[in-house]
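Read-outs throughout are calculated quantities, based only on the coordinates presented, and are distinct from any laboratory measurement. On a predicted model such as this, the values are computed, not experimentally measured, just so you know. Cβ atoms come from the backbone with ideal geometry, glycine included; neighbour counts cover every protein chain shown.
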Amino acid sequence: MKAKRPFRPRGILLKPVECPLENYETEENSVSGHSKWATTKHKKAANDAKRGKLFARLIKNIEVAARTGGGDPAGNPTLFDAIQKAKRNSVPADNIDRAVKRGSGDGADAVNYESITYEGYASGGVAVLIECLTDNRNRAASEVRVALTRNGGQLADPGSVAYLFARKGVVEVPAAEGVDEDGILTAVLDAGADEVADDGDSYSVYSDAKDVVAVRTALQEAGIEYDSAEVQFVPSMKVEVDADGARRVLKVLDALEDCDDVQNVYSNVDIPDAVLSRIQAED
């Protein structure tokens, strides 16, 4: 798994391990094979659970966008971007349509979420901002507190972490043939973009929060595909960690992202590429 953008660690794509069958089976082979299969099933279940949580968050984003700006994507840029992001993550069209209706108050199951932001620390003094969308403030607070304290983190006083982050528009552009940093910058410079960062397999275009729609529109007009356009908390300074520190921080971030009421988790952790590759190889 968010620091550059800020760094939000993602789930690692796990490839199934091919275990050739032997012509004989000793007790050692039998136990080992069973252990590998159990681990594979566990990891698949974990990935399926994370996918389900991702769908829930994307749906909640749509509901909130529809409630605050209306159910017409043509007149509600926030809703348009929320729908596009859901589609790119393979959320079924029926689920998206129902979310728009619920958010705009069409039907008996209309929703009303409260937005709450918590501040905390992970291991090594890494700052964490946690955005929640919830219909139960007490439940959200309890979930966040438990996720932090049980995994080596702690809640922070309001204002003690937030000053380390700035609210920015962030548009993510996938790397593709014919797309480069200079071309993206040329397309978005007049739209209010501040910076284009090369992340290896994608580019991040930063702007003031108010300019994110203009930047996204400029990319579309230039024929450049984008993955997401949203407002995020971007750290003004980062804390670099080694492998052990990264594992501890990722443990906290994973626990927070597993909370049902947590919508987004931001941190100022800086995990060097070599360290991240090492951790991924171990998994």
Label points 7 Å out from Cα along the Cβ direction at R150 and Q84: separation in nm? 3.8 nm
Which GluC sites (Glu not before Pro) in the stretch 205-283 pass both tests, a DSSP loop state and at most 12 other beta-carbon atoms within 10 Å? E225
Here the relative contact order (percent) of the stretch 57-191, from C-alpha pairs under 8 Å and at least 6 apart, is 17 percent
For Q280 and K210 in the same chain, what is the full-extension length gain: residue separation times 0.36 nm, less their Cα-Cα distance, in nm? 21.6 nm
Distance between modelled label sites at L189 and S236, nm, 7 Å Cα→Cβ extension: 2.8 nm
Over 19 Å (Cα to Cα) - which of K50/K238; K60/K101; K60/K87; K60/K251; K60/K85; K50/K85 fall in this group: K50/K238; K60/K251
Taking +1 at the Cβ of each Lys and Arg and -1 at the Cβ of each Asp and Glu, which of V275, V205, V241 sits farthest along the dipole of the stretch 187-283 towards its positive end, judged by Cα position relative to the Cα centre? V241
Quick one: check the C-alpha center-to-center distance for the stretch 162-235 versus the stretch 90-160, whole angstrom. 25 Å
